[in-house]
Amino acid sequence: MGGPSQGGGLGGLAPQAGPPGTIQCPKCGEWSKPGLTCEWCNSPFKAAPAAPPILPGAESRGYSGGGYVEDKFSTGDGFKDIFQVMTAPRAFFSDQVGQEGLKAPLSFLLALAFAFRIITFVADLALGLANGTRIASLGGAFCIWVFLMIGMFVWAGMVHLVTRMFNGQGGFGGSFRAVTYAQAPTMILGAIAYIFLASSVADMMKKPGGPGALSLAIYAPQVVVRPVQLAQAGPPGLPGGPPAGFPGGPGSSFPGGGMPGPGGRSPQEAQAILARLVGMFLLPLLIYSLGGIWTLVLTGMGVAHIHGTGNGATVGILFIANLVANVIATIIGFVLGGAIMAVLIPALQNMRR
């Protein structure tokens with residue numbers, strides 16, 4: 001295409017003469033979408049070009065038309081963006097370059113919250129875990145939305161601070177868009193994982209004698225702790241051994257003593273139940289983990305496009321940001337755990353008196 005312009009233009013960029021919504025790179029001469037860097041040679045523009053005017057009836061959304069997109073709060077557009085970011089992420093994030101508004105990503109989070117809640121609610125109805133009278137529970141999507149917004153603002157702040165260390169070229173709004181739009185796989189695959197988990201739970205509830213939460217709480221210690229109990233107990237009835245009725249003591253239905261299992265089930269049966277429970281959670285966990293990996297990849301793509309960072313810098317940004325987030329979460333967990341224990345321990349001691 002034509003060579004670099006010798007004439008004027010904003011920051012040395014060629015005047016508009018190519019495809020609509022593009023400017024000519026002064027280095028390679030190709031026509032690129034407006035942004036901080038050329039999408040062909042990745043060289044930085046001397047100044048971010050002004051957004052080209054939107055002709056009547058020519059407004060575009062997402063990657064379909066390219067160019068500037070008005071930032072507005074639209075849940076309908078949010079649902080479209082869920083599909084677009086999961087099917088064509090490179091083109092989608094390319095259109096986010098230079099856009100700093102928060103209305104569109106906030107509406108995207110609301111659409112994502114509703115999509116998650118609708119999928120899980122329909123699954124509950126189909127599996128008999130809920131009825132149509134609980135349609136009001138769909139309002140829980142607003143609670144999910146609030147938590148998502150809080151989490152995304154915090155996470156975007158961490159990512160944005162780290163991008164500054166790597167000379168990232170976008171603003172906070174760009175970082176917010178990168179981390180927010182990347183959440184689509186986690187939420188959608190999380191809802192699918194819930195379907196598999198709810199299906200297994202419904203199946204167990206329908207079977208007579210299926211283990212409930214109380215049964216699981218009783219079985220688990222017997223299966224996991226049983227070998228240690230037998231080793232510590234010694235022969236039943238010897239001096240120093242556990243008293244009757246306790247694991248390892250006389251009067252037990254298990255070899256070597258101990259309390260009989262609930263419902264007369266043996267340790268082998270309890271192990272089979274636990275194995276079934278592990279299998280019940282395995283597939284949903286794998287699906288949800290896939291969503292997390294997908295989200296991490298999309299976050300990297302968003303950061304690279306919006307901040308103009310290379311592959312190595314993008315990996316470094318994600319590694320440091322995730323490391324900081326995990327350290328902060330661990331510290332908060334220890335502080336909250338210590339606070340809860342400080343309240344519970346005296347309360348339990350008072351109850352025993």
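Coordinate-derived values only; no laboratory data. All figures in this text were calculated on a predicted structure; none of them were measured in a lab. Cβ placement follows ideal geometry from the backbone for every residue including glycine, while neighbour counts extend to all protein chains displayed.
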Using a Förster distance of 35 Å, the FRET efficiency for F142-N311 (Cβ separation, nearest 0.05)
0.35
Given R₀ = 51 Å, what would the calculated FRET efficiency be for R276 paired with A342, taking r from the Cβ atoms and rounding to 0.05?
0.85
What is the fewest-to-most order of R90, R276, R117 by other Cβ atoms lying within 10 Å of their Cβ?
R90, R276, R117
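Compare the peptides 156-168, 296-308 by average per-residue count of other Cβ atoms within 10 angstrom and give them in order, highest first. Each step should come with its number before you reach the end.
Working: 156-168: 18.8, 296-308: 22.9.
Those peptides, ordered most packed to least, come out 296-308, 156-168.
Filter the cross-link list K27/K103; K33/K80; K33/K103 down to pairs whose alpha-carbon distance in this structure exceeds 29 Å.
K27/K103
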Using a Förster distance of 35 Å, the FRET efficiency for L296-K103 (Cβ separation, nearest 0.05)
0.85
Once amide H atoms are built 1.01 Å from N in the peptide plane, which residues 5 or more positions from T37, or in another chain, come under 5 Å H to H?
F45
